[in-house]
Amino acid sequence: MKLSDVLEEFEAKFEVVGDINQNIRGLYHNSKEVTDGGVFFALEGSNVDGNQFIEEAISNGAKVIVSSSPKKLKEGITNVIVNDTREAMSLFASSYYDNPSLDMFVVGVTGTNGKTTSTFMLASIFKEAGRSVGIIGTNGIYINGKKYPSNFTTPDPIILQETLAKMRARGVNCVVMEVSAHALELQKIRGVMTDIALFTNLTQDHLDYFKTMENYGRAKAKFFQKGVSSFGVVNYDDEFGKQLFENIEIPALTYSRDLEQKKLREADIIVLEEKHNTTNTTFKIASPKGEEEFTINLAGGFNVSNALGAISAGIIAGIPLSVISRGLNKLEKVAGRFNTYDVNGVRVIIDFAHTPDGLENILTETRKITEGEVYAVFGCGGNRDAIKRPIMGNIASRLANYTIITSDNPRNEFPDEIASEIERGMDVGALHSVILDRENAIKLAISMAKKGDSVVIAGKGAEDYMEINGEKIPYSDCKVVESLIEKKDNREKE
């Protein structure tokens with residue numbers, strides 16, 4: 001492909017110094033990965049300046065350097081000068097892969113919690129409506145039902161556009177994807193035209209990066225602008241959601257599961273009634289398309305809220321309520337989200353909850369379905385929002401009968417120091433212990449619990465690694481619990 005072909009419909013201002021007809025064979029922002037004919041984007045990050053690696057990129061075969069200022073390059077190397085290298089990388093990647101999002105119906109989900117569950121609900125709805133669906137998110141990338149690994153909630157723009165192109169080539173005509181605040185702030189989805197943008201909620205997280213909730217919210221709001229998304233879906237129960245809707249630039253539907261909204265009729269889609277049990281939830285809604293009853297195979301009021309967002313998106317997409325209902329009902333579970341196991345009469349729940357709001361929701365809902373006591377096992381990630389650690393400790397001390405503080409991706413921090421910060425927020429006298437070995441912490445909690453009790457293992461969900469000092473070591477909460485069940489079954493056979 002020629003550089004001129006990529007730049008022909010480039011949406012950002014640029015200047016070219018050198019041969020605009022260079023043949024290009026790949027896009028890179030890591031100089032070590034560049035191969036012959038590559039385009040290297042000299043990103044100016046907060047920790048690393050890509051301009052320092054231009055010579056390495058050229059020595060590895062780069063023929064085009066994209067930078068925010070002119071560079072003195074040797075003969076035969078083309079310099080594309082742009083105002084914003086991150087924006088340029090995203091737009092460049094979209095053009096390089098022939099703008100795949102334009103050929104598919106794209107639904108993006110953003111919010112602190114509920115993104116993964118919402119995308120799987122949406123995927124099930126669109127499949128029931130006869131669409132071929134691709135999924136991009138925290139749990140991985142799915143193309144025609146086959147799973148591929150992903151390192152980020154929203155992949156970097158080069159991988160994202162390559163993934164969308166692969167989906168298109170394999171017949172996918174509908175994509176549901178998680179869109180993180182980081183992705184919006186770093187312009188990862190520039191060049192992706194989203195048909196429906198769905199907002200779930202805004203609660204405390206990522207303040208290590210955004211510093212304030214206001215900055216965090218502004219990043220989310222970028223998804224609901226003209227030229228980025230065509231339609232919006234907004235959770236009207238969320239305070240920021242109300243602000244978002246008041247200032248939204250695109251047509252949007254709102255949803256609410258607050259039963260008081262039934263009287264006020266402020267939201268477009270509202271819940272009329274709910275019935276909960278330990279394995280599923282039935283609820284009835286009123287919407288612009290009429291009333292309908294739904295049954296989802298997921299417990300918890302927060303999953304009703306997630307379902308309302310998916311229903312709203314389905315309505316915008318023109319899918320009948322009856323089809324939406326069937327699609328939701330066919331979703332059996334979402335890996336790492338309120339996954340329930342029985343270990344010797346003890347209910348064990350594994351959930352990705354890793355924020356104050358997420359932990360409070362999962363413990364509150366677990367209390368509702370538990371006859372006995374509730375045990376909590378959780379930790380907090382290292383090199384991430386440290387402000388939430390004592391807050392989560394306090395939540396656990398109030399809602400769990402016994403808490404075991406453990407490790408959760410400590411990264412480059414000391415696990416005992418993270419645990420100490422969590423512990424500082426706990427109520428005086430709250431029953432708890434610190435067991436940094438996560439597997440031992442889980443086994444201890446389950447051994448302490450009696451029949452009728454519940455053990456909530458929060459924070460990692462379906463993750464299959466523990467990140468320590470830059471290394472991802474194989475580890476899975478699910479496998480730990482399943483091994484306990486397997487041992488029990490083997491003993492019963494003997």
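List of remarks:
- Backbone amide hydrogens, once placed in the peptide plane, bring residue 206 within less than 5 Å of 385, excluding anything fewer than 5 places away on its chain.
- Net charge of Cβ neighbours under 13 Å - reference residue 419; Lys, Arg +1; Asp, Glu -1: -4
- In sequence order, calculated HN-Hα J values of the stretch 387-396 (Karplus, 6.51, -1.76, 1.60; Hz; x Gly/Pro): 4, 6, 4, x, 5, 5, x, 5, 4, 5
- Cleavage-rule hits, GluC sites (Glu not before Pro), the stretch 323-414, DSSP coil, Cβ neighbours within 10 Å at most 15: 332, 371
- Label zone of residue 21 (point 7 Å out along Cα→Cβ, amide N under 20 Å): in the stretch 58-74 this covers 63-65.
- Relative frequency of Cα-Cα separations exceeding 16 Å in the stretch 3-84, percent: 45
- Acute angle (nearest 10 degrees) that the helix 477-493 long axis makes with the longest principal axis of the chain, alpha-carbon atoms: 40
- Taken over the C-alpha atoms, the chain has Rg and Dmax values of 24.0, 76 angstrom.
- Beta bridges per DSSP with both ends in the stretch 100-329, % antiparallel, nearest 5: 45
- Residues whose amide H lies under 5 Å from that of residue 466, counting only those 5 or more places away or on a different chain, are 473, 475; hydrogens are built 1.01 Å from N in the peptide plane.
- With the simple spin-label model, which puts each label point 7 Å out from Cα in the Cβ direction, the residue 51 to residue 398 separation comes to 4.9 nm.
- Amide H within-cut-off set for residue 27, under 5 Å, with H built and near neighbours excluded: 39
- Long pairs among 443/487; 220/242; 460/487; 115/460; 188/220; 147/487, criterion Cα-Cα beyond 18 Å: 460/487; 147/487
- Cα gyration tensor, the stretch 100-329 - rounded (a/c under 1.5), prolate or oblate: oblate
- The GluC sites (Glu not before Pro) of the stretch 36-77 meeting both criteria, a DSSP state outside H, G, I, E and B (loop) and at most 10 other C-beta atoms within 10 angstrom of the site's C-beta, are 75.
- DSSP-assigned coil residues among trypsin sites (Lys or Arg not before Pro) in the stretch 248-321, each with at most 14 further Cβ atoms within 10 Å: 265
- Helix-only [θ]222 nm of the chain, DSSP H runs n ≥ 4, -39500 (n - 2.57) each, per residue, nearest 500: -10000 deg cm²/dmol
- Using θ = phi - 60° and Karplus 6.51 cos²θ - 1.76 cosθ + 1.60, couplings along the stretch 310-321 (whole Hz; Gly, Pro as x): 5, 4, 4, 5, x, 5, 4, 6, x, 8, x, 4
- Alpha-carbon centroids, the stretch 394-422 and the stretch 91-107: separation in whole Å: 42
- Structural descriptor for the stretch 34-172: relative contact order 17 percent, calculated from alpha carbon pairs under 8 angstrom and at least 6 residues apart.
Taken together, the values in this text are just the output of simple stated rules run on the coordinates, not laboratory data. Everything numeric here is computed off the predicted structure, so don't read it as measured data. Heads up, the Cβs are rebuilt from the backbone with ideal geometry, glycines too, and the neighbour counts pull from every protein chain shown.
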